[in-house]
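Enquirer: First, the structure itself, so that you have it in front of you.
Any read-out appearing in this document is the output of simple, stated calculations on the displayed coordinates, not a laboratory observation. This structure is a prediction, so every number in the text was calculated from the model and none was measured. Glycine also receives a Cβ, built like all others from the backbone with ideal geometry; neighbour counts cover every protein chain displayed.
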Amino acid sequence: MCFSAFRNDTFLSIFDNAGSYVSYSVKSVREWNFIESQCTARFQPTIPKNCRKGSGLTSTFYQRQNKRFPVNATAGHPLESEPEAISSKDVWNSTKDALDAFYRFSRPHTVIGTALSIVSVSLLAVQKLSDFSPLFFTGVLEAVVAALFMNIYIVGLNQLYDIDIDKVNKPYLPLASGEYSVRTGTMIVTSFAVLGFCLAWIVGSWPLFWALFISFVLGTAYSINVPLLRWKRFAVVAAICILAVRAVIVQLAFFLHMQTHVYKRPAVFSRPLIFATAFMSFFSVVIALFKDIPDIDGDRIYGIRSFTVRLGQKRVFWICISLLEIAYSVALLVGASSGFLWSKVATVLGHTILASLLWSRAKSVDLTSKAAITSFYMFIWKLFYAEYLLIPLVR
């Protein structure tokens, strides 16, 4: 007597040496265990070792025990006659799972931040209503798509070299959870890096190309584990990498892409551009510091000497809050000095609201809870998004 399963892992076929068998469509693991236990008890002496529970023939069922199917049973039909068609529901579930895995792999909060920042900075190059032309939207789209390609390369590369750390800090990421193999992750990051550079080359914008190239170099040096690199191990250098990309490259390079490549105007560093670069320098330092607060356990185990590991969670937390409040105070002064009433009202009121929300939320955070700290980190990213909605209003 032996037990076997069809490819779709829902059928249990029982047959003996005489060739007679019964095929069952199994609804749950409980039913599988009951049927197998009954047959095993009766025919144990004749069951080959390779056909018992735990063998390759039956193990796939236990790996997919969350599936539910209608119950039915058939007898006396050839083994090959069972249908193997995949239902539309299975296709949809597989597609949904694949999209969800890629969504988590791409680190969506960074994707949103990159897209918003480029759109916001591009608006600083707009001088009159007629600038809102198809040329503007094409230029923004080119920049956003190319930057997102490089963004996925950078965050994906970091995950490739942080698999063991992420098993402690972020076990839900596809590489850490085993949903992606190292080969799959490598193919994804390589493809997106190539796509980013190819698009920049086709567009022919040197500011865009250099933005991608510098981001590529710093992102690679930040993560890759080779001698003299993996700069994320060093707190100050890691913060400088993030500041350089988020605060300097994004503001200056993508502004110049719109100003010089799209509009064919001379490079001019305006007051709003200088403000955006200075403010986002503060914000980027905060993100660089704060991202390590919920990751203290894995960083300590694997020798990542972040500021959080050195100074403790509470101290770094309040350093981040203080830096952001200082940045908001400077933004209030810049807004109040504007020569345009609408700009003055919008920027002063907007930054006052954001600073108040930050302080109110910070006082209620439970620093002993990793979930609470992670939630607050996502709140900081929301403040980051909100700031890029205010920057085009600074005049």
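Enquirer: Report the local net charge at VAL334: Lys and Arg +1, Asp and Glu -1, summed over other residues whose C-beta lies under 13 Å from its C-beta.
Expert: On the way: positive: ARG271, LYS344, ARG395; negative: GLU387.
Net of charged neighbours comes to +2.
Enquirer: Grab the Cα-Cα distance for LEU357 and ASP164, subtract it from 0.36 nm times how many residues apart they are, and report the gain in nm with one decimal.
Expert: Working: separation 193, 0.36 × 193 = 69.48 nm, distance 3.57 nm.
Contour length minus the Cα-Cα distance gives 65.9 nm.
Enquirer: Show me, for region 143-157, the HN-Hα J-couplings you get by feeding each phi into the Karplus relation (A = 6.51, B = -1.76, C = 1.60, θ = phi - 60°), rounded to Hz, glycine and proline as x.
Expert: After applying 6.51 cos²θ - 1.76 cosθ + 1.60, I find 5, 5, 5, 4, 5, 5, 4, 6, 4, 5, 4, 5, 5, x, 4 Hz.
Enquirer: At q = 0.14, 0.20 Å⁻¹, what log₁₀ I(q)/I(0) does region 145-254 have when each alpha carbon counts as one equal point scatterer in the Debye sum?
Expert: So the normalised log intensities work out to -0.58, -1.08.
Enquirer: So what are the ³J(HN,Hα) numbers for region 260-274, from phi and the Karplus equation (6.51, -1.76, 1.60; θ = phi - 60°), rounded to whole Hz, Gly and Pro as x?
Expert: 9, 7, 7, 8, 6, 10, x, 5, 9, 9, 6, 4, x, 5, 5
Enquirer: Net charge around ALA235, counting only other residues with Cβ within less than 12 Å of its Cβ (Lys, Arg = +1; Asp, Glu = -1)?
Expert: +3
Enquirer: Let me ask another. How big is D, in µm² s⁻¹, for region 269-395 by Stokes-Einstein at 4 °C and 1.567 mPa s if Rh is the Kirkwood radius over C-alpha pairs?
Expert: 84 µm²/s
Enquirer: Let me ask something additional. Quick check: net charge around ARG305, other residues with Cβ under 11 Å of its Cβ, Lys/Arg +1 and Asp/Glu -1?
Expert: +2
Enquirer: List the residues, sorted by chain then number, that are 5 or more residues from ARG305 or on another chain and whose placed amide H is less than 5 Å from its amide H.
Expert: Excluding prolines and chain starts, which carry no amide H, there are no hits.
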